[in-house]
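Below is one structure, written out as structure tokens; the observations come after it.
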Amino acid sequence: MRTVSMRGIGGRGPMAQEFDASAYGRAIADVYDMTMADAPTEPAVERLQELAAGGPVLEFGIGTGRLALPLAARGLIVAGVDGSPEMVEVLRAKPGGDRIPVTVGDFAGTRVEGEFSLVVLAVNTIFALPSQEAQISCFRNAAAHLRPGGRFVVEAWTPDLAAFRDGTALRLLSLGEDRVFVEAARLSPADQMMYTTKIDLTSGGLRLLPANHRYAWPAELDLMARLAGMEREHRWADWRGAPFTDDSRAHVSVYRR
């Protein structure tokens, strides 16, 4: 999950006034690929290639290139925006990473040259933005980069408040002989915020990775798209196109300009 650290899990004070788009990457860039090892990369790339229909692709939150590199390897023109120079440095070190143009900046407002067939915002990254206003700005920024008929694809989890007990939750992300990865979370429903800290336990010690999420329900994202001049074209439960139902815990939503 691509998110931005604003305060620790324990606090309930007012949100920090300044949004630092680079904070999360500074904390996690060196282990980010490990955290995404089980992500459905291949079906996501297949679906994105289909939606791009041969046109150029812009990825908001391009990160270390998990999606961008295989899309470029399939012959698509790919560019990216990311708030973290550290994430981009990891991308640059990978084969082909130095050939993908990346602009470092906040993807809610950073503009790059050109028009694109597809803008991508994957892995819950929309929730990295700290407010509804910032998320609306992101939708508008995506629309501004799209050619007529172009698509904006958002992958996000569906809020599940029932997973929290007394406003808190603890879940095991991975368990191995040499590493245990856990996430602790606190919910603030009034603000639609979830404050989390991932705990990485290895034989070398303990590492804390704080991150916060301004979550939104699918219908709220649909309204953001309409405000930006886009309409929803598809909503699936996953990248393979499974139907989105009452039980779906995530969604892939496609909006068309």
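Please treat every number below as a calculation from the coordinates, not as lab data. As the structure is a prediction and not an experimental result, all values here were calculated from the model. Backbone-built Cβ (ideal geometry, glycine too); neighbour counts: all protein chains shown.
With θ taken as phi - 60° and the coefficients 6.51, -1.76 and 1.60, list the Karplus ³J(HN,Hα) couplings across the range 80-85 in order, rounded to whole Hz; mark glycine and proline as x.
Computed from phi, the couplings for the range 80-85 are x, 10, 8, x, 10, x Hz.
Round to a whole angstrom and tell me the spacing of the C-alpha centers of the range 101-146 and the range 197-257.
After rounding, the separation between the Cα centres reads 14 Å.
Enumerate the calculated ³J(HN,Hα) couplings along the range 224-231 in order (Karplus 6.51 cos²θ - 1.76 cosθ + 1.60, θ = phi - 60°), each rounded to whole Hz, writing x wherever the residue is Gly or Pro.
Coupling constants for the range 224-231: 4, 4, 5, 5, 8, x, 10, 10 Hz.
Counting only residues 5 or more places away or on other chains, whose amide H sits under 5 Å from the amide H of V78 once H atoms are built in the peptide plane?
V57
Quick one: if you stick a label point 7 Å off each Cα along the C-beta vector at D20 and V182, how many nm between them?
Distance between label points: 2.6 nm.
Would you tally the net charge around E183, using a Cβ to Cβ cut-off of less than 9 Å, leaving E183 out, and scoring K and R as +1, D and E as -1?
Computed value for this residue: +2.
Give me the dipole magnitude in Debye, nearest 20, for the chain about the Cα centre, with unit charges on the beta carbon: positive for Lys and Arg, negative for Asp and Glu.
Result for the chain is approximately 280 debye, rounded to the nearest 20.
Using only helices, what value at 222 nm comes out for the chain when you add -39,500 (n - 2.57) per DSSP H run of length 4 or more and divide by the total residues, to the nearest 500 deg cm²/dmol?
-6500 deg cm²/dmol
Sort the following peptides by mean Cβ neighbour count (other Cβ atoms within 10 Å, averaged over residues), highest first: 233-245, 65-77.
Per-residue mean Cβ counts within 10 Å order the peptides as 65-77, 233-245.
Pull out the extension gain between R171 and R92, defined as 0.36 nm times the separation in residues minus the alpha carbon to alpha carbon distance; nm, one decimal.
25.2 nm
L208 to T103: FRET efficiency via 1/(1 + (r/R0)^6), r the Cβ-Cβ distance, R0 30 Å, to the nearest 0.05?
Result of the calculation: an efficiency of 0.50.
Please list, in order along the range 23-39, the HN-Hα scalar couplings obtained from phi with the Karplus expression 6.51 cos²θ - 1.76 cosθ + 1.60 (θ = phi - 60°), rounded to whole Hz, x for Gly and Pro.
4, 4, x, 4, 7, 10, 3, 6, 10, 4, 4, 4, 5, 9, 4, 9, 5
Quick query: amide H of L146 versus all other amide H atoms, modeled in the peptide plane; which residues come in under 5 Å with a sequence gap of 5 or more or a different chain?
Residues meeting the criterion, in which the H sits 1.01 Å from N, are F116.
Calculate, in nm to one decimal, what F164 and A73 gain on full extension: separation in residues at 0.36 nm each, minus their alpha carbon distance.
Contour length minus Cα-Cα distance gives 28.7 nm.
Please compute the Kirkwood hydrodynamic radius of the range 211-253 from all pairs of different C-alpha atoms, in Å with one decimal.
Result for the range 211-253, one decimal place: 11.4 Å.
Once fully extended, how much extra length lies between R240 and A219, figured as 0.36 nm per residue of separation less the alpha-carbon to alpha-carbon distance?
Taking 0.36 nm per residue and subtracting the Cα distance, the gain is 5.4 nm.
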